[in-house]
Amino acid sequence: MRVLMMVTPGAGHAYPMVPLAWALQSAGHEVLAASSGPGLLLGEAGVRCVDVAPGLSLAQMQGKLAQNHPEVIARLNDDALDPDYHQTIGIAVASALRLQPDMVGAMIRTAEEWQPDLVIYSPLFTPGLVAAAKLGVPAVRNEFGLVRTDSSPELMRELHSDLFEAHGVDLPEVRATIDVTPPSMGTSEPDSWLMGTVPFNGGGPLPDGMFEYLAASRRDTPRIAVTFGSGPAPAETVGVVRNIVAAAPDMDVEFVLATPTVDLEQFGTLPDNVKSVGWAPLVSLMGVSSAVIHHGGPGSAFGAIMNGLPQVIPAFGGLGRPLIIGAVVDRGLGVTAAPQDIGRELLESVLADEAMKARVRGVREEILGLPTPGDIVGRLVDLVENGRAATAASSASAPDAVLAKSAG
């Protein structure tokens, strides 16, 4: 089976595709990822990639969106949990995407040239739907988890009607959704395929000195990992780091800053119990941590759960974050607070909350009990084979229908 993964050009969109790509390749299927910029990080996980728009990144798309549609950005920065929020996300992604017509065209041409049997695409990424419809193959949406995009195909069809009409297609006849949200943290469409998440936040060598630091650091001292994701960090992150630097000397805690987008020179000499490692694979860092402060990305949230860590999420607002904050806090796996309120009192209370840690362990076990990416591969094969059988049956019956009409 030949599979095309069509990925929005962002690390947070590429990484959730990795476990399924591994499973497909392990089962002997051909996998190709079409993306650009950080979306090509699938390549570091061993997936063949094609760059459809050299140099383009999600950050650039968002910057162009802010310049051309400031009203959409203003709505996204409203951190209220309201029923229209996921509609707003769809509008934002649609607006950003349509400002990149060359990338969209290259995505669809890649699909036509490679002729996959199946398209797996990022949520809200319309080229995946259009390409699958043109080729007559199934379209499968690989959700990030915690952020709901249940009605996204219909939403994308409405917002990108010109793109569908330009290619002479409607929504693909065969569609499916893979959802890694554990049932206790939200609800999925009844026909979603649940899959246990396998956190992946990047690979490669550890940064200089990080292994030695992690191996030699005191095992009996709590460690709090601090990360603000792979994209542009909100301006408020500086305030969070400032609070940490101020609180650290009075705490028996090690802080590890994996915050390459924050200029630490402005804080002068860091306290002895505050270490900066720049960029680091979060799975490695979380595996030796006691809690994590993060920006509210689904990859960070799932990484924390699978490593048994309580979470502290600053209330930054922004794309998708209110929904993720709500899922984490409502399930009792972490807390949220204004950036200026993240200090010694809050952090010590989280480290001492044994009930919270027990709930995190419970959700981890729940995730481990869900179908694996390997299980999902079998369902994808069935989806493709059933589609082929239906097409063959339709083709075989066509001559009979013509004869019957002639005889009438």
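The values are calculated or read from the model by the stated rules, or taken from the named source; none is laboratory data. Keep in mind the model is a prediction, meaning the values are calculated, not measured. So basically every Cβ, Gly included, is an ideal-geometry build from the backbone, and we count neighbours across all protein chains shown. Ligands, DNA and RNA are excluded from the accessible area calculation, which covers all protein heavy atoms including side chains. Shrake-Rupley method; radii C 1.70, N 1.55, O 1.52, S 1.80 Å.
Expressed as a whole number of Å, what is the distance separating the alpha-carbon centroids of the range 108-158 and the range 253-292? If we compute the Cα centre of each part, the gap is 37 Å. Label separation (E366 vs E345): 3.1 nm, computed from points 7 Å beyond Cα along the C-beta direction. If the segment from A355 to V288 were pulled out straight at 0.36 nm per residue, it would be longer than the present Cα-Cα gap by 22.1 nm.
Quarter the surface of the alpha carbon convex hull of the range 17-66 and you get the mean projected area, 3.7 square nanometres.
Pairs of Cα atoms nearer than 8 Å and 6+ residues apart set the relative contact order; for the range 124-195 it is 39 percent. Highest mean first, the peptides 144-150, 276-282 sorted by other C-beta atoms within 10 Å per residue fall in the order 144-150, 276-282. Put a dot 7 Å past the Cα of D102, heading toward its Cβ, do the same for D330, and the two dots end up 4.2 nm apart. Rolling a 1.4 angstrom probe over the protein heavy atoms with all chains in place gives the range 272-395 an accessible area of 40 Å² per residue.
Counted residue by residue at 0.36 nm each, then reduced by the alpha carbon distance between them, the extension gain from L264 to A389 reaches 39.0 nm.
Its residue count N fixes a reference of 2.2 N^0.38 Å for the range 246-397, and the Cα radius of gyration divided by that reference is 1.42. Of all aspartates and glutamates in the structure, the ones whose alpha carbon falls short of 15 Å from that of K357, not counting any fewer than 8 places away in one chain, are D330, E348, E365, E366.
Computed over protein heavy atoms with a 1.4 angstrom probe, the accessible surface ordering of M107, M1, largest first, is M1, M107.
With 0.36 nm allotted per residue and the present C-alpha distance subtracted, the D250-E165 stretch has 24.3 nm of extension available.
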